[in-house]
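The values are calculated or read from the model by the stated rules, or taken from the named source; none is laboratory data. This one's a predicted model, so the numbers in the text were calculated from it and none came from an experiment. Using ideal geometry, Cβ is built from the backbone for each residue, glycine included, and neighbour counts are taken over all protein chains shown. Each accessible area value is taken on the protein alone, full model and side chains, heavy atoms only, with ligands, DNA and RNA left out. Shrake-Rupley method; radii C 1.70, N 1.55, O 1.52, S 1.80 Å.
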Amino acid sequence: MSKESCQSCQFWTFPTGLCRRYPPRVYGDTQGNMRGGDGQVWTNVEAEYPVTGRNDWCGEYKGKKDSEGR
């Protein structure tokens, strides 16, 4: 396990494993060109944060102590 992994990152939440580094990603279906122009009607829309494992890592790591100014 790396010291700089999700479990010690300020953006990671325990026990859910959600990474809150960026806003949630929006998923859904579109139903054609219902409003004219390029406006589309979205249905079945969901937004969710990525779920990661405690030993995962990425290039956006920021330790919990870093956020507290220590």
Report summary line: For segment 39-51, pairs from a residue that is more than 30 Å from Phe14 (Cα to Cα) to a residue that is at pLDDT below 85 and among the hydroxyl-bearing types (Ser, Thr, Tyr), with Cβ under 7 Å and 6 or more apart or across chains, are Gln40/Thr30; Val41/Thr30; Trp42/Thr30
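Restricted to segment 45-56, and to residues that are assigned to a strand (DSSP E or B) and open to solvent by 100 Å² or more (accessible area, probe 1.4 Å), which residue is modelled with the lowest pLDDT?
Checking each candidate, the answer is Glu46.
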Requested in this report: Search segment 1-15 for residues being open to solvent by 80 Å² or more (accessible area, probe 1.4 Å) and modelled with pLDDT of 75 or more, and hand back the single one that is nearest to Lys62 (Cα to Cα).
Outcome: Glu4
Report task. Please find, within segment 17-44, the residue that is modelled with the highest pLDDT out of those that are surrounded by fewer than 10 Cβ atoms within 10 Å (Cβ to Cβ) and assigned to a strand (DSSP E or B). Result -> Asn44
